1. Could you rank the peptides 253-259, 27-33 by their average count of other C-beta atoms within 10 Å per residue, with the highest value first?
2. Determine the share of region 208-290's accessible area contributed by carbon and sulfur atoms, expressed in whole percent, with a 1.4 angstrom probe.
3. Once you list every other residue whose beta carbon is under 15 Å from the beta carbon of residue 69, what net charge do they have if Lys and Arg are +1 and Asp and Glu are -1?
4. Counting only protein chains, not ligands or nucleic acids, how are 115, 261 ordered by accessible area (probe 1.4 Å), most first?
5. In whole angstrom, note down how far apart the Cα centers of region 36-90 and region 219-249 are.
6. How much net charge surrounds residue 217 when only the other residues with a Cβ under 15 Å from the Cβ of residue 217 are counted, with Lys and Arg +1 and Asp and Glu -1?
Amino acid sequence: MSSDCSNFVSLFFYVTSQSSGGSSVGLSHPMDTIKVRLQTGTGYQGAMDCMLKTFQREGLGGFYKGMAFPLAATSVYNSLVFFVYQNFLTSLCGHKDRPDISDIALASMGAGAVSVSIGTPIDLIKIKLQVQTESYKKTVAALQKVGGTAGFLPAENLQMRSKSARNISTSSVAKLANPEVVLTGGAMPVRPNNQLYNGPIRCAFDTVKTNGLSGLYRGAGAMLMRDIPGYVFYFVPYEILMGALTPKDRKATWGETAFHSCLAGGTAGTISWAVTHPCDTIKSRFVRVV
C-alpha cells in the first residue's frame, strides 16, 4: 500500500473513531445519568420513576449533565485503551499465529490498569455533575432573593442541624430538593443536594482547590477493581466470538465483519457490565460523597 493511501486510511479511521466515540457518549449519557442517580441517590422507585422525576424537575437538560467532559475526552481515552491493549497483546504473542486466552486476559488487565489514569478524573467530574439535581442558575437566583450571593447565604438565614450541615430556613430556598449547606471554616457555601457547579471546569477547579490534584483521583482504587476485570470480561469474549464467527475457508465480506463486530461487541459489553456493575456502584457512591 502506498504511503498516501496508508495516510488516508489512518486519517479515515481517526475521523471515524472520533465520530463514533462522540456518538456513543451522546446516545448513552442519558441512560448513564439514570444509572448513576439510582446508584447514588434515594427517593427513586426505579429507572422509570427516576426518568420522570428528572424530566419534571430539570427538563431534557437534566439527562445530559456532565456530558461535556466525557465527550471531549472520549477519543483520548479510547485511543489509550486500544493502544495499550494492542501493544500488550503484540508483545505477549511473540511469534504465535494467534493469541492465547491468557495473552488476551493479560493485555486486557494492562489496558484496564492504564486507563484509570485518564478515566478516574473523567468519571469523578461526570458523576458530580450528574447527581446535581438542582439548576445552578435557579439556585443562585433563589439565594440572591434572601440576601445570599453566588452560592453563599448570610448566617442569620440558617438554622443549625448538625456540626457539618444546616437547613435553609428561608421558604424560597427551602423549595429545593435537598437544601443543605456544608460548613468549611468560617464560610458557608451552599450545597443543595451536592456541590453546586455550573460546569465541568468549575467542578474540576473546586475539586483541586479543596483536595489538591489527588482529589481528582478519589475512587481510583474502586475504578481499578471495576476496569481490570471489566476489560478482561470484554476483550476475552469479544476475541473468542470474533474467532468463532469469522469464516475459516474464505475472507469475510465487509458486511459480515461489521455484523460480527456488532454482535461480538454487544455480547461482550453485556457480559462485562453484568460482572462489574457491583464495583461500578461502589465507585459511584464513593465519588458521590467527595
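The values are calculated or read from the model by the stated rules, or taken from the named source; none is laboratory data. Quick caveat, the model's predicted, so the values are computed rather than measured. A quick note on method: Cβ atoms are made from the backbone with ideal geometry, for glycine too, and the neighbour counts reach across all protein chains shown. Please note that ligands, DNA and RNA were not included when accessible areas were found on the heavy atoms of the full protein model with its side chains. Shrake-Rupley method; radii C 1.70, N 1.55, O 1.52, S 1.80 Å.
1. Details: 253-259: 11.0, 27-33: 16.0.
In descending order of packing, they fall as 27-33, 253-259.
2. On the way: 3360 of 4830 Å².
Carbon-and-sulfur percentage of accessible area, whole number: 70.
3. On the way: positive: 65, 126, 128, 202; negative: 32, 123, 206.
Result for the local shell: +1.
4. On the way: 115 0, 261 40 Å².
Accessible-area ranking of 115, 261, largest first: 261, 115.
5. Result: 20 Å between the Cα centres.
6. Working: positive: 126, 128, 218, 226, 283; negative: 123, 227.
Value of the local net charge: +3.
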